[in-house]
Amino acid sequence: MKNIRYTLLTAFVFGLMFTSNPAKAQLTDGVFPAAGTPSNPKVEATWNHYYNYKGISELTERIAKAYPDLAKRTSIGKSYEGKDIWMLTVSNFKNGDPDRKPAIYIDGNIHSNEIQGTEMAMYTAWYLTESFGDVKFITELLNDKTFYIVPTINPDAREHYMTEPNTGSSPRSGLKPIDDDGDGLIDEDQPDDLDGNGSITQMRRKNPRGRFRAHPTYPNMMVRVPDDEFGDYDYLGSEGIDNDNDGRINEDRVGYYDPNRDWGWNWQPNHIQGGAHKYPFSLPETRAVMDFVMERPNIAAAQSYHNSGGMILRGPGVAEDISTYNRQDVQVYDAIGEMGERLIPGYRYFVVYDDLYDVFGGELDWFYGVRGVFTYSNELWTSYEMFQSNDRAATDSYEFNKYLLFGDAMQEWTEYDHPQYGKIEIGGFKKNFGRAHPGFLLEQGAHRNMAFTIYHAYHTPKLEIDEISEKNLGGGLREVTAVITNSRLMPTHASIDVNNNIMPPDIISIEGATVEAGMVVTNRDLNQTTEQKNRPNRIELANIPGMSSVTVRWIISGGSNYTVKVDSQKGGVISKRK
Amino acid sequence: MNISVKILGLCCLIGMMSVPISTQAQNDNNYRSYSEITSSMKALNNAHKNVTDLKSVAKTSSGKDIWVLTIGSGDVKNHPGIAVIGGAKGSHILGSELTLKFAEQLLATANTEETKALLASTTFYVFPQVNPDASAQYFADLKYERDGNATSTDADRDGFTDEDGFEDLNGDGFITMMRVENKTGNWTVHKDDARVMVKSDIAGGNKGAYMLLTEGRDNDKDGDFNEDGEGGVNINQNFTFDFPYFKPGSSENPASENETRGVLDFLFEEARNTFAVISFGPENNLSTPLKYNRGAASKRVVSGWLSDDIDVNKMVSDIYNETISLGKAPSGDPQQGDLLQWAYYHYGRYSFSTPGWWTPEVNDEDGKAKKFDNDHAKYLGWADSENQNSFVNWTEVDHPDFPNSKVEVGGLKPFALTTPPYSMVSDLAQSHTDFILKIAEMKPSVELANFKVESAGKNLTRITVDVYNGGSFPTASELGQRNNWVRRVITQIKLGNNMNLVSGDVQSFERSIPADGWVTKTWLIQGSGKVTVRAGSPMTGFSTKEQTIK
């Protein structure tokens, strides 16, 4: 599309005797650029609906084909049902090896019903590739950094959510069949879409001795009556029948396990942590992510997208891990998280175990605990977004549905003859409302959340060699001093990393000189140093903290045209010639 | 075995193939290597096809199979099962041999009525060698106690893998220790046995004159000796309970290794009927049972055995000590990431482990057990009395890392403390087989007792039955009652057409039924026809009653 437009434009521009700039091509196509949005994208994409697996496969492929120097699509593994788990690597491939640049890993949709993380992730890939070259900040960002973007790490059950009857909260699990109730049968009593509308909604039954009644203004809403009154209805739970005739309804659904309880840091079995499967990474999807991340020590930051509630979450997931997150690291987390609260109105920066609920074996704790990666989970969509107000009421969803969605999110109560319950009514919110963004707010949510991850990615370490200076010591010896600065918030090694030597140290080496001795300068003014006896030509540093400089020194006896090289797993590789 | 002896005899007659003969002859006198274990497993499976099934649950990174032999007949997945596992700690060579010999001794009686009945109601899952890449070091030219598999690791986390292994400085084929004369050293010789090195005792006036290091060079010149050799991950440190992050031998992630996951997946998915895991390794809760620790048992992340399970451990320990007498055992505390603790805390099954052997008591002239204050001194006392050649005498070597110091190489030969002379193995194996078979006899077992059918009015029948556990183990451990991987006892009733269940549950579950305990079930049925009641779990077996109501 861009090419055709460009050709037309060229003709047009020549016709107007070079008065127009080709970058404003879209003017001729009837649009005027809005600030902050790629206005003439090479890859057509819309952000007011959700992509199914086919849509994800096509869009990721189109981005990679349109921008071969910026985006590459690979599969990090297969899901339980054999679907490829697609990943886009986004970086300026013409400026350094993407696997050696400081990187952020982003995934969405670990819980299959929490769908919009996929769109947030794909919007990020789309926005970055479309903006490279046009937006200076993004251009520099992709020169320096790498984004590993996995739109969905639960593709099987995402598809199930979309194509099979579900609530807004199901399946959450993946699709490996499990005998939940232990009767020897597998997934034999799932919810049933009795009214055939594609959503599992609610069941109620008229009963003059019931405990519920309809809300006077919003009759679709069921309200519990005061303790000393009778209502008009029984509330009967989610739409379904007792398929296996065991006296229980919907007790063995698809799955069930929780992929976000399958990660190998402080993992606990199902009797301590509900949803845990056999052992850490016993599910193919989480294992694929783990295998990928273990081979990418350049990942310094990570983001996973969930819904809902409007939260930017960090670990620890449980009180038992409080001491894992120590002070210096929490300062970095806080600085980025608090910026997130500003960028995404209505979202609050929280600590999982303290502000939410306990999670053993969650993804963000693994990234931080085992890899020393600063990681957030965003709980996308909050009821704040309906009326952009913190003054919220229980009727907001019904009001929002009536006046902004014009009733599209609601299944009106309709009668049904139920084999166990008799005459009942079925109705309630459809599965795409309550947790997923409504279409007209999706692009805004994607952009704001992306902006937060870009801030996060920007603050992965950036190392610069500020100074290489030389002093003659006489007797054929010279003293070479190099100063290396990390100009971003994040250290090259989180403190959990420093304490446990998770990643190898940062190596500051000198090449092209005859090195007699090497040392770290701990106080340059007072000439305090610590000598490194072994391999003095490559000084090892346990860490280069954020917004700080380190000084190293060599005593050399030969070489004048030497190079200082910094090799840091999470800080990248840089070098400077004397 | 008979067949191979005949073939051997034939070969001797013909006077050819001298190499196979010597190998074969060794097999009866020595611990079996991976390839010998593999052929023994295949031979067992070929000879007993009707009651065995040989499967590889994983391949190691060097391509070796992790074998499991399932032994049992009939519906083997729904009979109470015992997993017998050797060699998770690769240097524990005896464990592999005891495990394999258990299968051999059990199957040697496969044609007896007693064993036939046992195998028709009990399933055994036998894993003889879970870390073959590590165990192989026992059979290698250079012998050292290796627990790491063939996965390259950065044990000292310096960015290099496998860069500082051992060197056999005295060329004897064993990695032992080196002592270096040095003022700053804090080791000295034992007062009663000068072969043994002990920590210096400043209060006792001995400041120490030696550094004590493992045999080899500091190849990477980081000041530590042999801290990052070939391989690997210790499988007995790779299980998921209390995983020791960032420790040498642990791997980066729990259950990271093919070996570990092969065992876990098999036990979780294929062997759900397992009620007890019996493993051989350094941990010991058999000659000495675990003690109840209320604090640890009450924590959210349970880290002490629950009280009912402690009682079962005591019961089983008593049986172990009645069956096997080895004297006072050295400390065998559970270790982080080990198999013993995983099988209890995460698999929810009864879990027992024993080293299978330890240094026997040494008697003085009066027949009294001599007292030792040091495990090595005790071992050497016993080895001397048995004429065991298991010590390398300290001899001086030139060591390039210590050009100006006296360096001597010597010490206990590797494996000595845990690996008895092979001549002792046969008896040890028989007693351990006897022990395992006693546990099998005690298995949880659900029966439908006191089945009663009575008229309860016009066209109404009441059925009553006790779902009874006739075993000596509860149908699930106290901890296992909380774990979804441990199946509850299910009771189901099926009615013929035109019959109506007026009262009672179509199916119901019990988390656990105690040993010799029961739960009474009752149903009220309208109409006539066939009624089937079935109760049990894969871990207890199932029991069925049928009755036709007229």
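Phi angles across the stretch B:500-505 convert, under the Karplus curve 6.51 cos²θ - 1.76 cosθ + 1.60 with θ = phi - 60°, into 3J(HN,Hα) values of 10, 7, 7, 8, x, 8 Hz, Gly and Pro given as x. About its Cα centre, the stretch B:151-280 has a charge dipole of approximately 800 debye under the convention of +1 per Lys or Arg Cβ and -1 per Asp or Glu Cβ, with nothing else charged. On the basis of the beta-carbon distance and an R0 of 22 Å, residue A:534 and residue A:501 show a calculated FRET efficiency of 0.85. When a/c is below 1.5 the answer is rounded, else prolate if a/b is larger than b/c, else oblate, so apply that to the stretch A:326-380 with a ≥ b ≥ c taken from the square roots of the Cα gyration tensor eigenvalues. Since a/c reaches 1.5 but b/c is at least a/b, the shape of the stretch A:326-380 is classed as oblate. Note on chain B: the alpha carbon radius of gyration divided by the globular reference 2.2 N^0.38 Å gives 1.14. Each residue of the stretch B:154-169 was assigned a 3J(HN,Hα) from its phi angle through the Karplus expression (A = 6.51, B = -1.76, C = 1.60, θ = phi - 60°), giving 9, 4, 9, 6, 10, x, 10, 10, 6, 8, 9, x, 6, 10, 8, 5 Hz with x at Gly and Pro.
When the alpha-carbon atoms of the stretch A:409-458 are used, the pair Rg, Dmax equals 19.3, 60 angstrom.
Averaged over residues, the count of other Cβ atoms within 10 Å places the peptides A:198-209, B:122-133 in the sequence B:122-133, A:198-209, highest first. Averaged over the residues of peptide A:497-504, the number of Cβ atoms from other protein chains lying within 10 Å of each residue's Cβ is 3. Counting Cα-Cα pairs of chain A in 10 Å increments starting at 0 gives whole-percent bin shares of 3, 15, 22, 22, 17, 11, 5, 3, 1, 0, 0. Summing Cβ point charges (Lys, Arg +1; Asp, Glu -1) relative to the Cα centre of chain A gives a dipole of roughly 2960 debye. Dipole check for the stretch A:29-90: with +1 at the C-beta of Lys and Arg, -1 at the C-beta of Asp and Glu, and the Cα centre as origin, the magnitude is about 180 Debye. Averaging the sequence gap over all C-alpha pairs within less than 8 Å and six or more residues apart, then dividing by the number of residues, gives the stretch A:439-578 a relative contact order of 29 percent. In terms of the Cα gyration tensor, with a ≥ b ≥ c the square roots of its eigenvalues, is the protein assembly as shown rounded because a/c is under 1.5, prolate because a/b exceeds b/c, or oblate? Cα axes put the protein assembly as shown in the oblate bin. Sort out for me the Cα centre separation of the stretch A:434-473 from the stretch B:228-297, rounded to whole Å. First find each Cα centre; the distance between them is then 41 Å. Looking at the stretch A:224-298, the trypsin sites (Lys or Arg not before Pro) that sit in a DSSP loop and have at most 16 other Cβ atoms within 10 Å of their own Cβ are A:248.
Cα centroid separation, the stretch A:484-534 to the stretch A:384-408: 55 Å. Peptide A:176-182 has a mean of 3 when you count, residue by residue, the C-beta atoms of other protein chains within 10 Å of its C-beta. Simple spin-label estimate for residue A:415 and residue A:94 gives 7.1 nm between the two label positions (7 Å along the Cα-to-Cβ direction from each Cα). Quick check: from the Cα gyration tensor, does the stretch B:193-296 come out rounded (a/c under 1.5), prolate or oblate? Note, shape of the stretch B:193-296 comes out oblate. Shielding value for B:252-261 is 4, the average number of Cβ atoms from other chains within 10 Å of each residue's Cβ. Relative to the 2.2 N^0.38 Å rule of thumb, the stretch A:73-210 has a C-alpha radius of gyration ratio of 1.45. Residues within the reach of a label modelled at residue A:479 (point 7 angstrom out along Cα to beta-carbon, backbone nitrogen below 17 Å), restricted to the stretch A:539-578, are A:551-558. For chain B, the share of DSSP beta bridges that are antiparallel, to the nearest 5, is 80%. Between the listed residues B:187, B:166, B:206, the Cα displaced farthest toward the positive end of the dipole of the stretch B:96-229, a dipole computed from Cβ unit charges relative to the Cα centre, is found at B:206. Sites count as exposed loop sites when they are GluC sites (Glu not before Pro), lie in a DSSP loop, and have at most 15 other Cβ atoms within 10 angstrom; the longest stretch of chain A without one is A:296-578. With the charge dipole of chain B set up from +1 on Lys and Arg Cβ and -1 on Asp and Glu Cβ about the Cα centre, the Cα lying farthest toward the positive end among the listed residues B:321, B:470, B:292 is that of B:470. Each Cα pair under 8 Å and six or more residues apart adds its separation to the average, and for chain A the resulting relative contact order is 13 percent. The spacing between the stretch B:301-337 and the stretch A:113-188, judged by their C-alpha centroids, is 47 Å. Working from Cα pairs under 8 Å separated by at least six residues, relative contact order for chain B is 14 percent.
Derived value for the stretch B:91-167: Kirkwood hydrodynamic radius 15.5 Å. Basis is the mean of 1/r over every pair of different alpha-carbon atoms.
For the stretch B:411-476, trypsin sites (Lys or Arg not before Pro) meeting the loop criterion (DSSP other than H, G, I, E, B) and having at most 14 other Cβ atoms within 10 Å: B:458.
Quick note: the coordinates plus some simple rules give every number you see, no bench work behind them. Keep in mind that this is a model prediction, so the values were computed, not measured. Positions of Cβ are generated from backbone atoms using ideal geometry, with glycine treated the same way; all protein chains shown enter the neighbour counts.
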